[in-house]
Structures are given as structure tokens and as C-alpha cells.
Amino acid sequence: MDMKKSDALLAYLQTKGITAKTFEHPPVHTVEESQKLRGDISGIHTKNLFLRDGKKNFYLFITGENVSVNLKSLARKIGAKGGLSFGSAESLMDLLGVAPGSVSVLAAVNDEEKRVTIVIDMQLLAASAINCHPLTNCRTTSLSKTDLIDFLNSIGRTPIYVSLFEDGQDREAN
């Protein structure tokens, strides 16, 4: 990943008055690698699922790193057509401008045409800090709930919020 894009994103956050604390670390590609290499960064760490439905509508679902997601249940909650499956790496790059392993809610800054629906697990909003990659898997950026919402507002995005707890069958901790 071009660090210039990450630097530009971090500069954008600063110009918008969005407080972001960023940590450098070796590249991570999985939650397991992240847990081993990131050190002691407080708050909740995110897992980001780039999904598409049967009508080629795209979604970015952001949840906690230890959450198992029932895609069938999530599809019902967000009104997906024809079920959910994982989007391709090509679609991810085309729509959000990032490669697998670097995807996060912050990649929505690259989706100027708003082709990807942002879906946030409400449990993230209870965290003291929400940690995500700033367009590269060599960094982790911590944002407060307010700063995350301010970021989304600054790019004209209103996410869908879902609770995976409602029926008790949606999620299990790993």
C-alpha cells in the first residue's frame, strides 16, 4: 500500500478536527497476526467484511475482531437481496481503493460515488476507542465513537447500524 494515501487520509482527519491516534507496526493480514504484532493498543479492534448480495450491491460490515457473523441473519437485517457473499479483491480495490488486509471503515473515503453501504455493529459504539487500518495494514488508527461518526459525516455517509445480539443466534465470540 502506498503510504502516501494513508498519510493523506490522516492529514484529512486532522483538517476536519477528528482526533486520531495512529500506531505503526509490521504489516498484518489477519486478525490473528494483528493480535500478535500490534502491541497494547486499547479499545476494540475491528474486523471488516466486504460483502455483496445477489444483485451486486456492496456492503462493508464493521464489527469486533472476535465476532463470528451469520451472513444469512445479517442479510435479513440489512435488506440484502439474494443473500450475502464475500466481494472479490478486484471489487474491493475498485470500490474502496484498498487491498485485502487493509480494509476498514476509513476506506469509505475512497468511495466518492457511495457505491458501498457502510454497516456498523452497534456494539462498537460502546467501546472507548475503535481501532482500524488507515488504508494500510502497517498502521492502526484509534478513533472515539464521536470521531468515527464525525469522519463518516465529513464524507457524507450515513451508515446502517445493526445489533447482532437481538435474536441470540447471530454471533458467538471466537
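The values are calculated or read from the model by the stated rules, or taken from the named source; none is laboratory data. Being a predicted model, the structure only gives us computed values, none of them experimental. Note: ideal-geometry Cβ built from the backbone for every residue, glycine included; neighbour counts use all protein chains shown.
A quick yes/no check of all residues on (1) surrounded by fewer than 12 Cβ atoms within 10 Å (Cβ to Cβ); (2) at pLDDT 90 or above; (3) within 12 Å of residue 143 (Cβ to Cβ):
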| residue | (1), (2), (3) |
| --- | --- |
| 8 | no, yes, no |
| 12 | no, yes, no |
| 15 | yes, yes, no |
| 18 | no, yes, yes |
| 24 | yes, no, no |
| 35 | no, no, no |
| 38 | no, no, no |
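Of the residues that make up the range 117-129, is at least one over 15 Å from the mean Cα position of the chain (by Cα) and assigned to a strand (DSSP E or B)? Even if it seems obvious, please write down each step before you answer.
As a first pass, look at the range 117-129 and keep what is over 15 Å from the mean Cα position of the chain (by Cα): 126, 128.
Okay, now just the ones that are also assigned to a strand (DSSP E or B), so none.
Checked the range 117-129: no residue is over 15 Å from the mean Cα position of the chain (by Cα) and assigned to a strand (DSSP E or B).
Report every pair of residues separated by at least 6 positions or lying on different chains whose Cβ atoms are under 7 Å apart, first residue within the range 136-148 and free of Cβ contacts under 8 Å to residues at least 40 places away in the same chain, second in a helix (DSSP H, G or I) and of a type in the set (A, V, I, L, M).
From the range 136-148, the pairs are 145/125.
If I go through the range 1-28 residue by residue, how many of them are assigned to a loop (DSSP other than H, G, I, E, B), of a type outside the set (Gly, Ala, Ser) and in contact with a strand residue (DSSP E or B) (Cβ under 9 Å, 6 or more places away or on another chain)? Explain how you work it out, then say what you get.
The first filter runs over the range 1-28 and keeps only residues assigned to a loop (DSSP other than H, G, I, E, B), leaving 1-2, 16-20, 25-28.
Filter once more, so that each one left must be of a type outside the set (Gly, Ala, Ser): 1-2, 16, 18-19, 25-28.
Right, trim to in contact with a strand residue (DSSP E or B) (Cβ under 9 Å, 6 or more places away or on another chain) and you get 18-19, 25, 28.
Matching residues across the range 1-28 total 4.
Would you point out the residue of the range 111-165, among those that are under 22 Å from residue 67 (Cα atoms) and among the basic types (Lys, Arg), that is surrounded by the fewest Cβ atoms within 10 Å (Cβ to Cβ)?
Out of the qualifying residues, it is 145.
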